[in-house]
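Take a look at the structure below.
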Amino acid sequence: MEVQWILLCHGLVTLLVLVSFLCGQWPIFEGTPIQRINHFLTFGAYDYFQRFVGFVFGAKGTNAISSVEYFCCDRPNPILQIIYLAIVGGTYFLVANSSFGYIPGYYIGEIHRYTSLLAVGVGVLLFLLTCFSDPGTVKADNVSLYLSAYPYDNIIYSEKECSTCKIPKPARSKHCSICDRCVARFDHHCGWMNNCIGERNTQYFMAFLLWHTLLCIYGTVAIGLILAGQIKEFKVIDILTVYYGIENSFRSLSPHVVQWLLGAYNTQILLMVFLAIVSLSLAGFFGYHAKLCLTNTTTNETFKWQEYVNWQRKLNEARASSAALKASISGMSSERKPPENKWRAIFRRSPLKDVEVVVTNNIYDKGFFQNILEIIMPLSRRQLSLRTKSKSG
Ligand SMILES: [Zn+2]
Ligand SMILES: [Zn+2]
């Protein structure tokens, strides 16, 4: 039974770390240990490490860290691409090595030996496609295409020139400091892909996320079916109920079955837990990006809208305080409002709600189907085909 407790603790700790890392900055977690863990993971741990190296090795150590940081985070490099391939290859090898011997099983057919390889192959293909596709680089010779595809909304985008590329900056584009180029409909620079995610490769990126979510679910379910088949083939339930006299109910049988599985198939159980956790986090990431795609917003724009909301809020506060000043000067009523409920204040400060209000101003949001179509068939490509048609016509 001890192994079960270790596994339970392991699962709970992993969940806590994952939730803290992904959601720790949400207003609802303000002042809670989850926010502190988030701060430690995203900032504190690295800061302590830097100070430790500085303390032990002096300036030489901190300089070495800075140059490694510059190479790893500020310049294009394939480190995370190699790690991705190692994780996928390693996981597939472990699954094949530990579990293919049980295929075909009672609940799983021989075909899964081949479909699993095919599924991993498609995943790697989508990865390579996202890595090596053009995200929509804006250059002097194609800038007019992007300028006509994306009009300025004069809220978060107004006419500007890229100070590095010295060309007009189309709306929704951004200069990626890592790749040193302007990218149309810039979403973010993805370290795993060693590429920007922009107008022309968002569809591959989304397909990559969806496929890998499904791939991990497939792996989890397939291993689950193998183990279920083993329980059936070894007649574990019959042995437990008939020979050991255990009551034939899920509640009384499951601890014994789990114990048997942990003893005989611990590699498969660990792989299942790993794949389930990865599929959950990938599903969350895919859901976040799908929501952005459906509202025709980019990750970069969510930050811009946030800045806009903050600016608007400051403006409103300034207006309110100047109005209050005027009112008090002219000796008008200075009735005090009751203090706001703390919990209500926490929810009121939710940045997401503010963004949702402002995103109604998003002129690029043209409705569900049009937004999806824009991801599949980028606007600049349509502009290009329109121009070639009008030239030939
Ligand atoms: Zn630029
Ligand atoms: Zn980039």
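We did not get these values from a lab; they are worked out from the coordinates using the rules stated. Note that the coordinates shown come from a computational prediction; the quantities given were computed from them, not determined experimentally. When we count neighbours, we look across all protein chains shown, and the Cβ atoms used for this are built from the backbone with ideal geometry, even at glycine.
FRET efficiency for Leu22 and Ile329, Cβ-Cβ distance as r, R0 = 51 Å, nearest 0.05? Intermediate values should be presented prior to the final figure.
Working: r = 49 Å, r/R0 = 0.96.
Efficiency for this residue pair is about 0.55.
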7 Å from Cα along Cα→Cβ at both Leu8 and Ser177: what's the point-to-point distance in nm? 4.8
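From the alpha carbon gyration tensor of the range 1-74, can you work out the equivalent ellipsoid semi-axes (sqrt of 5 times each eigenvalue) and give them in Å, largest to smallest? Mind dumping the intermediate values first?
Details: eigenvalues 196, 64, 26 Å².
Over the Cα atoms of the range 1-74, the ellipsoid semi-axes are 31, 18, 12 Å.
Quick one: of Lys60/Lys174; Lys304/Lys389; Lys139/Lys314; Lys174/Lys291, which pairs are farther than 31 Å apart, Cα to Cα? Write out the running numbers ahead of the final one.
Numbers: Lys60/Lys174 35 Å; Lys304/Lys389 36 Å; Lys139/Lys314 37 Å; Lys174/Lys291 21 Å.
With Cα atoms farther than 31 Å apart: Lys60/Lys174; Lys304/Lys389; Lys139/Lys314.
If one computes P(r) from the Cα atoms of the chain, what percent of pairs lie at distances over 40 Å? Working shown, then result.
Working: 28213 of 77028 pairs.
Tail of the P(r) past 40 Å holds 37 percent of the pairs.
Out of the range 1-104, which GluC sites (Glu not before Pro) are coil in DSSP terms and have no more than 14 other C-beta atoms within 10 Å? Write out the running numbers ahead of the final one.
Working: sites: Glu2, Glu30, Glu69; in loops: Glu30.
Sparse-neighbourhood loop GluC sites (Glu not before Pro): Glu30.
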Any residue on another chain or 5+ positions along whose placed amide H is under 5 Å from the amide H of Asn195 is listed here as Cys190
In what sequence do Lys391, Lys291 fall when counting other Cβ within 10 Å, fewest first? Lys391, Lys291
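Just want the ordering: Val278, Val13, from fewest to most Cβ atoms lying within 10 Å of their own Cβ.
Working: Val278 19, Val13 10.
Result, fewest neighbours first: Val13, Val278.
Taking the Cα centre of the chain as origin, sum charge times position over the Cβ atoms of Lys and Arg (+1) and Asp and Glu (-1), and report the length of that vector in debye to the nearest 20.
So the magnitude is around 1220 debye.
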Roughly speaking, what is the centre-to-centre gap between the range 258-300 and the range 102-161 when only Cα atoms are used, to the nearest Å? 19
Cα axis of helix 299-329 to longest principal axis of the chain: angle in degrees, 0 to 90, nearest 10? 50
In Hz, Karplus ³J(HN,Hα) per residue of the range 378-385 (6.51, -1.76, 1.60; θ = phi - 60°; x = Gly, Pro): x, 4, 5, 5, 5, 4, 4, 5
Among Arg36, Arg251, Arg181, which comes first, second and so on when ranked by fewest other beta-carbon atoms within 10 Å? Arg251, Arg36, Arg181
Pick from Leu379, Leu292, Leu12: which residue has the top mean-square fluctuation in a GNM of the chain where Cα pairs under 10 Å get a spring? Leu12
Describe numerically, in nm with one decimal, the distance between label points set 7 Å from Cα along Cα→Cβ at Ser385 and at Tyr107. 4.6
Taking the 0 to 90 degree range and rounding to the nearest ten, how far is the long axis of helix 250-264 tilted relative to the main principal axis of the chain, both from C-alpha atoms? 90
How far apart, in nm, are the 7 Å Cα→Cβ label points at Leu128 and Leu253? 4.6
